[in-house]
Ligand SMILES: Cc1cc2nc3c(=O)[nH]c(=O)nc-3n(C[C@H](O)[C@H](O)[C@H](O)COP(=O)(O)OP(=O)(O)OC[C@H]3O[C@@H](n4cnc5c(N)ncnc54)[C@H](O)[C@@H]3O)c2cc1C
């Protein structure tokens with residue numbers, strides 16, 4: 001990592017934590033058409049997120065807000081911004097002009113080819129945090145969110161699993177555990 | 001918050017020129033030591049780098065709580081561990097706040113085993129490992145374990161009842177039973193099943209990593225710190241980060257320099273200095289305190305400061321089931337299987353491990369399940385979230401001299417100080433144990449009908465150990481059997497850095513027991529006038 005990036009990251013945001021800074025010095029890929037239409041860039045990004053994180057149950061909202069967060073993260077740094085723009089443009093190019101026209105399998109295959117590219121790794125490091133850090137998604141995956149104000153789960157099903165018997169909660173009442181098992185070789189050595 | 005509030009002190013002010021016991025850090029080690037010393041009449045100043053947050057400040061939200069509590073100052077990593085790739089600036093998951101990582105901790109409190117204090121003798125020569133026997137034994141520590149369990153309110157101990165089974169435990173314990181394990185239970189666990197010590201019983205809210213707003217969980221924030229403040233003998237200074245320990249011409253430490261909340265450099269005179277900043281900041285501070293007499297860092301004539309960094313085996317396993325589990329409801333880690341916590345070389349490795357229930361919310365799950373992961377395989381796990389059961393694997397990792405905390409002078413933190421670099425490579429023994437443990441997890445969950453089990457790699461270290469290890473011989477380690485620096489008579493280390501080897505057990509009970517023991521020693525030394 002470069003000293004420069006390191007220094008201005010001294011106070012990190014949670015979304016920065018997974019950022020792989022090791023390859024930043026490589027810089028974004030050179031050349032390539034600029035994706036000047038930012039509306040299109042957003043649509044390609046949303047599609048990319050849906051292909052990378054496919055959830056049939058999710059509406060567009062979570063992907064839209066994740067795309068906005070990915071763009072915000074990239075805007076904080078000129079190199080990242082360029083990498084994102086060029087990365088998305090590269091997808092369109094590789095798709096013969098229109099990434100949005102590809103079916104899921106073809107779109108995923110393009111992403112697989114780019115799994116280790118900086119722009120896509122950077123997108124994932126933001127998306128994995130942002131997509132799932134919101135109540136809209138929690139409900140869809142069956143998570144109930146904050147519980148303290150509701151009295152916790154002590155009276156709301158912390159032990160409502162009914163497809164297995166209730167097990168023992170005390171420690172084993174029989175003989176104590178053997179902590180040191182003498183090995184064969186140690187025994188012969190003695 | 002006004003500037004006055006930011007530099008606000010808590011407790012009874014101590015003059016900066018008054019040489020007192022200065023404790024650096026207020027977590028498991030520092031907080032315990034502060035209470036044990038002040039309640040027995042010794043005046044202490046506690047310097048704590050983080051803010052004084054309390055139960056009302058905490059939130060039931062994983063990332064928000066993490067942003068509020070965790071130590072997020074810049075750190076760097078190197079070595080072949082996956083963390084260096086996935087979380088290059090987050091080697092450890094520890095807290096920067098009054099109470100230290102005991103505010104984030106979950107509560108598992110197993111003791112170390114007899115043979116684990118004699119790792120070198122028991123395991124023999126292990127290539128590449130710098131194993132050493134502790135200079136103390138389980139017998140030495142047993143009475144302090146009793147007191148630590150009472151302080152922390154460990155369930156299943158000293159007549160305290162077990163916590164009830166939550167959903168995650170129901171799956172876990174049934175699987176354990178089915179594959180022939182016997183030593184499973186909902187503890188020992190440092191959270192109240194029934195009201196104890198002035199704190200209420202758990203309401204099973206599932207947010208104990210986020211501080212536990214209900215106050216049922218032990219931490220030095222809810223127990224030792226307030227009680228130490230009540231003695232009138234403690235001056236607690238939050239938002240004050242120690243940056244250098246100084247010494248006089250005779251070689252005794254005489255003061256601690258620290259940055260206050262406004263970034264101003266301050267100096268507190270010291271009679272004794274006890275460093276308890278956790279195993280990354282403690283060696284960093286000693287290394288930053290290098291002087292003419294201590295050119296390689298304070299108390300580092302052995303060259304061992306920062307070396308032998310251990311983070312426990314770690315790994316997690318999440319199993320998917322046909323029917324719902326809702327593992328997030330209830331106490332996070334109130335489930336322990338101890339059957340594999342033994343030394344049995346027929347398994348192909350030295351040392352042992354515990355399996356403990358673990359649950360993360362979707363936000364943390366997405367980041368830690370398979371860092372960098374994407375695609376249908378990844379999202380299928382997220383889609384199954386409420387059908388998952390989870391466990392953590394915690395076992396002994398081998399100390400290695402090259403696993404090491406050093407100063408990275410190329411990278412500076414927000415104060416312009418060199419950041420700590422954490423270098424780590426797995427030892428083959430660690431890999432063998434982890435592979436075996438994942439397989440055991442597959443069997444356990446398979447026995448109760450798991451549709452699949454995902455093996456999650458080690459996440460940023462919650463257990464950080466060994467960087468100022470105890471040794472009988474000053475050439476082998478940094479501190480003696482009391483945690484006193486071999487090189488400096490009035491300098492002590494009071495946290496998990498002193499661990500000679502890591503054992504299989506979660507470390508906090510042992511850190512607290514060692515701190516209670518060290519307090520007795522310090523009081524005796526001060527009474528005799530030798531400190
Ligand atoms: C999520 C999570 C779950 C855990 N679960 C368990 C468990 O179930 N069982 C278990 O045994 N352990 C558990 N742990 C580990 C446990 O929290 C630690 O082992 C323990 O708190 C370490 O104690 P310590 O005194 O070494 O450091 P800490 O408790 O981390 O305290 C160190 C303190 O020192 C401060 N500090 C550092 N440097 C400076 C400086 N230069 N100046 C001033 N202050 C400084 C820090 O801000 C911090 O407050 C868990 C940890 C986490 C994060």
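The values are calculated or read from the model by the stated rules, or taken from the named source; none is laboratory data. Bear in mind the structure is a predicted one, so any value in this text is a computation, not a measurement. In this analysis, Cβ positions are derived from the backbone assuming ideal geometry, glycine residues included, and neighbour counts consider all displayed protein chains.
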Exercise for review: Tell me which residues, restricted to the range A:62-88, are more than 17 Å from the chain's Cα centre (by Cα) and in a helix (DSSP H, G or I).
Suggested key: A:75, A:78, A:79, A:80, A:81, A:82, A:83, A:85, A:86, A:87, A:88
**Study point:** Pairs where the first residue, in the range B:145-160, is without any contact (Cβ under 8 Å) to a residue 24 or more places away in the chain and within 14 Å of chain A (Cβ to nearest Cβ) and the second is part of a helix (DSSP H, G or I) and surrounded by 21 or more Cβ atoms within 10 Å (Cβ to Cβ), C-beta under 8 Å, 6+ apart
**Key:** B:158/B:149
Check your understanding: For the range B:213-252, which residues satisfy the criterion of being buried (at least 24 other Cβ atoms within 10 Å of the Cβ), within 14 Å of chain A (Cβ to nearest Cβ) and more than 11 Å from the ligand (Cβ to nearest atom)?
Key -> B:216
Review point. Taking helices (runs of 4 or more DSSP H) that fall entirely within the range B:18-111, which contain at least 2 residues that are within 12 Å of the ligand (Cβ to nearest atom)?
Key: B:28-38, B:62-69
Check your understanding: So is residue B:168 over 27 Å from residue B:514 (Cβ atoms), at pLDDT 95 or above and within 16 Å of the ligand (Cβ to nearest atom) or not?
Key -> yes
Review point. Taking the range B:171-203 as the search range and keeping residues that are in a loop (DSSP other than H, G, I, E, B) and within 16 Å of the ligand (Cβ to nearest atom), which one is farthest from the other protein chains (Cβ to nearest Cβ)?
Key: B:190
Point to revise | Entirely in the range A:116-190, the helices (runs of 4 or more DSSP H) that have 2 or more residues that are surrounded by 15 or more Cβ atoms within 10 Å (Cβ to Cβ) and at the interface with chain B (Cβ under 7 Å from one of its Cβ atoms) | key: A:118-130, A:135-141
Review point. Within the range B:122-136, which residues are within 14 Å of chain A (Cβ to nearest Cβ) and in contact with a helix residue (DSSP H, G or I) (Cβ under 8 Å, 6 or more places away or on another chain)?
Key: B:122, B:126
Check your understanding: Condition test on residue B:332, is it touching a strand residue (DSSP E or B) at 6+ places or on another chain (Cβ under 8 Å), within 15 Å of the ligand (Cβ to nearest atom) and within 14 Å of chain A (Cβ to nearest Cβ)?
Key -> yes
Practice item. Could you name every one of the strands (runs of 3 or more DSSP E) located completely within the range B:355-453 that has at least 1 residues being in contact (Cβ under 8 Å) with a residue 60 or more places away in the chain and farther than 26 Å from residue B:170 by Cβ? Key: B:404-412, B:418-423
Practice item. Note down all Cβ pairs under 8 Å where the first residue falls in the range B:270-298 and is more than 14 Å from chain A (Cβ to nearest Cβ), the second is more than 10 Å from the ligand (Cβ to nearest atom) and at pLDDT below 95, and they're at least six residues apart or on different chains. Key: B:271/B:531; B:272/B:531
Point to revise | Subset of the range B:353-374 (residues that are surrounded by fewer than 21 Cβ atoms within 10 Å (Cβ to Cβ) and at the interface with another protein chain (Cβ under 7 Å from one of its Cβ atoms)) | key: B:372
Check your understanding: Based on what the data block shows, is residue B:346 closer than 30 Å to residue A:104 by Cα and either under 25 Å from the mean Cα position of the chain (by Cα) or in the same structural domain as residue B:430 (by TED's automatic domain parsing) (or both)?
Key -> no
Revision key, fill the gap. Selection from the range B:459-489 of residues in a loop (DSSP other than H, G, I, E, B), buried (at least 24 other Cβ atoms within 10 Å of the Cβ) and away from the ligand (no atom under 12 Å from the Cβ) yields B:469, B:477, B:478
Check your understanding: So which residues in the range A:98-108 are surrounded by fewer than 18 Cβ atoms within 10 Å (Cβ to Cβ) and away from chain B (no Cβ under 11 Å)?
Key -> A:98, A:100, A:101, A:103, A:106
Exercise for review: Name, by its number, the condition in (1) out of contact with any strand residue (DSSP E or B) (no Cβ under 6 Å at 6 or more places or on another chain); (2) within 11 Å of chain A (Cβ to nearest Cβ); (3) in contact (Cβ under 8 Å) with a residue 12 or more places away in the chain that does not hold for residue B:80.
Suggested key: (2)
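For the structure I just gave you, tell me whether residue B:441 is closer than 30 Å to residue B:383 by Cα, within 16 Å of the ligand (Cβ to nearest atom) and either within 14 Å of chain A (Cβ to nearest Cβ) or crowded, with 22+ Cβ neighbours inside 10 Å (or both).
no
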